[in-house]
């Protein structure tokens, strides 16, 4: 019998190669008792993200958050999946809640800036973007090309 850790390695390798069906098959072979552990659920989130199955990303990420609210991975993916489903206000709410237990998570601040921009809440967006950059300098460059921040950039240009 192949252990769960090995199956996770195989699934991860398949996903690295873009072999989504093979990764799913590998995850489906994991022993029933291990299917709800955080590592397996996290790999399922990756699998569903790769296949753009955003509803499943929402469901599994929500499970991860319930298991461990201090692990940012669940919050980030839950909010992002909602954004992909065009449920922006919900994505903003999830990111905001995620920051309560993960206040130093730069990607949550960045994504929150994007959600606020999409909602036309540009001053909030600007503040959140500043916070993300203060925590992780690389977001300064990433922000320039992110279309989710277009309303923020337009607002900043109009206030020059």
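The values are calculated or read from the model by the stated rules, or taken from the named source; none is laboratory data. Small disclaimer: the values here were computed from a predicted structure and weren't measured. When we count neighbours, we look across all protein chains shown, and the Cβ atoms used for this are built from the backbone with ideal geometry, even at glycine.
General observations
- When 69, 103 are screened for being part of a loop (DSSP other than H, G, I, E, B), surrounded by fewer than 16 Cβ atoms within 10 Å (Cβ to Cβ) and modelled with pLDDT under 95, only 69 passes.
- In segment 23-34, the condition of being touching a helix residue (DSSP H, G or I) at 6+ places or on another chain (Cβ under 6 Å) and either in contact (Cβ under 8 Å) with a residue 60 or more places away in the chain or closer than 30 Å to residue 104 by Cβ (or both) is met by no residue.
Each row is one residue, and each column tells you yes or no for (1) in a helix (DSSP H, G or I); (2) buried (at least 18 other Cβ atoms within 10 Å of the Cβ); (3) outside the structural domain of residue 14 (by TED's automatic domain parsing); (4) touching a strand residue (DSSP E or B) at 6+ places or on another chain (Cβ under 9 Å).
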site: 89; (1), (2), (3), (4): yes, no, yes, no
site: 93; (1), (2), (3), (4): yes, no, yes, no
site: 111; (1), (2), (3), (4): yes, yes, yes, no
site: 123; (1), (2), (3), (4): yes, no, yes, no
site: 141; (1), (2), (3), (4): yes, no, yes, no
site: 160; (1), (2), (3), (4): no, no, yes, no
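- Residue check, residue 30 surrounded by 13 or more Cβ atoms within 10 Å (Cβ to Cβ), outside any helix (DSSP H, G or I) and outside the structural domain of residue 119 (by TED's automatic domain parsing): yes
- Residues that are over 14 Å from residue 76 (Cβ atoms), surrounded by fewer than 21 Cβ atoms within 10 Å (Cβ to Cβ) and at pLDDT below 95 occur in segment 145-152; there is at least one.
- Odd one out for residue 46 among (1) surrounded by 16 or more Cβ atoms within 10 Å (Cβ to Cβ); (2) outside the structural domain of residue 11 (by TED's automatic domain parsing); (3) touching a helix residue (DSSP H, G or I) at 6+ places or on another chain (Cβ under 7 Å): (2)
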